[in-house]
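Coordinate-derived values only; no laboratory data. Note that the structure is a prediction, hence the values are computed from the model and not measured. No Cβ is skipped: glycine too gets one built from the backbone with ideal geometry, and neighbour counts run over all protein chains shown.
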Amino acid sequence: MAFERLAAHRVAIRCDDANTRSQRVAERCGFELEGVLRQHALDMAGRPRDTRLCAGAARRISQRAGARFSPSRAWRHPARGGSPHR
């Protein structure tokens, strides 16, 4: 959605460093680990926790998604000053 509807070029997501399921979802979607924010937030018990920062660029994500997304179509998005009907 962010790449197609909003014409974003890059999307970043964050998840708890201990949440391996969220990490796997991000990897399967083509996001790459960019870093770990140490003691970035507090868990439910009030203890400091680490946060993983992952990001994906439109070109990289579209390669994993196959034909479902076209970066060239996003560049023509009306919000970018182009016409989506070329």
Original post:
Could you give the length gained on full extension between Cys29 and Ala41, defined as 0.36 nm per residue of separation minus the Cα-Cα distance, in nm?
Top reply: 1.9 nm
**OP:** Net charge near Glu34: determine it from the other residues with C-beta under 12 Å of the C-beta of Glu34, scoring Lys and Arg +1 and Asp and Glu -1.
**Re:** +2
Subject >> Estimated FRET transfer efficiency (Asp17, Arg59; beta-carbon r; R0 22 Å; 0.05) >> reply: 0.20
